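S.K.: Quick one: the structure is below, questions incoming.
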Amino acid sequence: MKKVAVLGGGASGLAAAIAAGRCGADVTVFEASDRVGKPILATGNGRCNFSNADIMSSDYNRPDFVQAAMNMLPPEDVLLFFADAGLLFRQEDEGRMYPYSNKANTVVDVLRMCAAEAGVVEQCGVAAKSVEEAGGRWRVLFEDGTCDEFDSVIVAVGGGPAKGLVPSDIRYKKTHPVLAPLKTDTKAIKGLNGTRVKARLYLDDDGKVLSEAWMDVVDPEVEQAYQGPETYGEVLFREYGISGIAVFDLSRMVQPGNTVYIDFLPDMDPQEKVDYIYGQVMTHPNRTAAQIMSGILPSNVARAIVVAAGLNPDDVILAEQEVVVLAMVSESFSLEVKGVANPKQAQVTRGGYNVKDFDPSTMECLSHAGLYAAGEALDIDARCGGYNLHWAWTSGILAGVAAAGGSMLDGVPLSDVMASAMAGNAAAGAETGVYVSLPDGSQRED
Ligand SMILES: Cc1cc2nc3c(=O)[nH]c(=O)nc-3n(C[C@H](O)[C@H](O)[C@H](O)COP(=O)(O)OP(=O)(O)OC[C@H]3O[C@@H](n4cnc5c(N)ncnc54)[C@H](O)[C@@H]3O)c2cc1C
């Protein structure tokens, strides 16, 4: 029986421990804090957006590595893992998966039940200090001065792992917080604190091309040529800058000094924006610029756009060119980025152990057999929507199975229990879309 240490009892650590335990290993989870599963409780505003129905490797910063891992453990099989665990779940907007209970605690409860059933031992309040090779085995040194030896060690300590935890030849990418609110210049957004809008955000990669699009009033072809990063969703204005899901997603691509553009009317193309505003001016010739825009957007946002367009909010609109400028600013309201507003609010840390040093199908270190890493400890992150936790489960299960010397079918056992759990999901109206992987590599939809 293989003796396996899992360092970190968060999302990837629990998944790894369960998979290793199910494959027959003698598994201990060493968790630095007072209980396992704590980081999961804070996710999804306490609801745990644990996966997504539409997981693509292109949603991650290391798509090739993630794709290779997902070839071994497809996203559907991760849902199967949870159905098997006894978790009833459902799909919400944009494919986001939540426990049916709407409580992150339920996810932790089922993971802990599975861990106990697989014989996993939890040791809390025990922080690992370093991991070193010891005659073909692995010695883990703990902060309290004790140590123990294992056949395999899975490092699942989360974002910003200590460099010195693993052998020094494992390459390390410098870490920084992402999925976070952004600090911006605030002159143009004074008075907007607390206001939420649905918008498109994009960067200044090709700002010149975009401004040229507006020179000839609007040239849709030039407009469509924009290939830079963009995100859609909620933007929440703050005293310090901007927050909200669209901003969190953009924070993965932005550098201090970049200009972020807000398109307040992402459902209209430039010409439609001009035509609509012009139509309003023709219909309501006595309304001021702020009043015209207040029929379209929240009144404080409307005023901010008019001011940014260089017009007096209390004047009526007289010239056609003023309409064009208003349309242009409602599509490209610009804010200069100063940086991440509060690193403590970041959901994910970019950086960590370089994926080039790990095998994507097992998460084993290429230069150190028996040493594995999973979850955010590896330099992998994704946008909001359940993708980061999905990576934690995927990498954790793969590492757990391999560390125990098992195979994927052992790690994700296909049983009648699973079928009944899935039937339960279906009966509750959950859109699980679960597929069962068959031994010959084909799939059956249940
Ligand atoms: C507020 C918030 C909300 C989020 N919401 C979502 C969401 O809804 N959906 C989503 O997909 N992602 C979400 N995330 C991201 C997601 O939580 C992480 O990507 C995921 O938890 C990473 O899993 P992990 O196992 O790598 O690390 P973690 O889950 O962070 O677990 C690491 C564990 O290791 C322990 N540890 C650290 N060092 C040591 C050590 N030396 N020895 C022993 N133990 C150690 C820690 O105490 C911790 O318990 C959110 C993150 C935050 C902060």
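A short reminder: the numbers here are calculations on the coordinates, not readings from a lab. Owing to the predicted nature of the structure, the values given are computational and were not obtained by experimental measurement. A quick note on method: Cβ atoms are made from the backbone with ideal geometry, for glycine too, and the neighbour counts reach across all protein chains shown.
S.K.: For the residue pair residue 232 and residue 121, what label-to-label distance in nm results when each label sits 7 Å from Cα along the Cα-to-beta-carbon direction?
M.R.: It works out to 5.2 nm between the two label points.
S.K.: With θ set to phi - 60° and the Karplus curve 6.51 cos²θ - 1.76 cosθ + 1.60, what are the ³J(HN,Hα) couplings of the stretch 291-303 in order, to the nearest whole Hz, using x for Gly and Pro?
M.R.: Coupling constants for the stretch 291-303: 5, 4, 6, 6, x, 10, 9, x, 4, 6, 5, 4, 5 Hz.
S.K.: Could you tell me the largest-minus-smallest coordinate of the C-alpha atoms of the stretch 182-340 on each of the three principal axes, in descending order and whole angstroms?
M.R.: Principal extents (Cα only, largest first): 43, 35, 22 Å.
S.K.: Note down the magnitude of the dipole of the stretch 182-340 about its Cα centre, charges +1 on Lys and Arg C-beta and -1 on Asp and Glu C-beta and zero elsewhere, to the nearest 20 debye.
M.R.: The calculation lands at about 920 debye.
S.K.: Let me ask something else about it. With just the Cα atoms of the chain, tell me how far they stretch along each of the three principal axes, in Å, largest first.
M.R.: Principal-axis extents of the Cα atoms in the chain, largest first: 82, 49, 37 Å.
S.K.: Okay, moving on. Where does the chain land at 222 nm, in deg cm²/dmol rounded to the nearest 500, when only DSSP H runs of n ≥ 4 count, each adding -39500 (n - 2.57), divided by all residues?
M.R.: The per-residue figure over the chain is -9500 deg cm²/dmol.
S.K.: Sticking with this structure for a sec: Convert 4 °C to kelvin, take the viscosity as 1.567 mPa s, use the Kirkwood radius over C-alpha pairs of the stretch 81-142 as Rh, and evaluate the Stokes-Einstein diffusion coefficient in µm²/s, rounded to a whole number.
M.R.: It comes out at roughly 89 µm²/s.
S.K.: Distance between the C-alpha centers of the stretch 37-98 and the stretch 344-407? Whole Å please.
M.R.: Between the Cα centre of the stretch 37-98 and that of the stretch 344-407, the gap is 14 Å.
S.K.: Among 251, 57, 168, which one shows the biggest mean-square fluctuation in a GNM of the chain, springs joining Cα atoms closer than 10 Å?
M.R.: Ranking 251, 57, 168 by mean-square fluctuation puts 168 first.
S.K.: Here is a follow-up. When only Cα pairs under 8 Å and 6 or more residues apart are kept, what is the percent relative contact order across the stretch 284-389?
M.R.: 17 percent
S.K.: Continuing with this model, one more query. Which three extents, in angstrom, do the Cα atoms of the stretch 273-396 have along their principal axes, listed largest first?
M.R.: Each principal axis gives a Cα extent; for the stretch 273-396 these are 76, 26, 21 Å.
S.K.: Considering only Cα-Cα distances, which of the following residue pairs are longer than 20 Å: 173/356; 187/338; 3/173; 38/198?
M.R.: 3/173; 38/198
S.K.: Which residue, chosen from 51, 12, 32, occupies the Cα position most advanced towards the positive end of the dipole of the stretch 1-113, where the dipole is computed from +1 (Lys, Arg) and -1 (Asp, Glu) charges on Cβ about the Cα centre?
M.R.: 32
S.K.: Now, a different point. Take the alpha carbon atoms of the stretch 1-154, find their radius of gyration, then divide it by 2.2 N^0.38 Å using N residues; give the quotient.
M.R.: Normalised Cα radius of gyration, the stretch 1-154: 1.11.
S.K.: Mind putting together the pair-distance distribution for the stretch 98-191? All Cα pairs, 10 Å bins, whole percent per bin, short to long.
M.R.: Going from the shortest bin to the longest, the percentages are 11, 27, 28, 20, 9, 4, 0.
S.K.: Considering the chain as a Gaussian network with a 10 Å cut-off on Cα pairs, which listed residue, 390, 368, 284, attains the greatest mean-square fluctuation?
M.R.: The residue with the greatest mean-square fluctuation here is 284.
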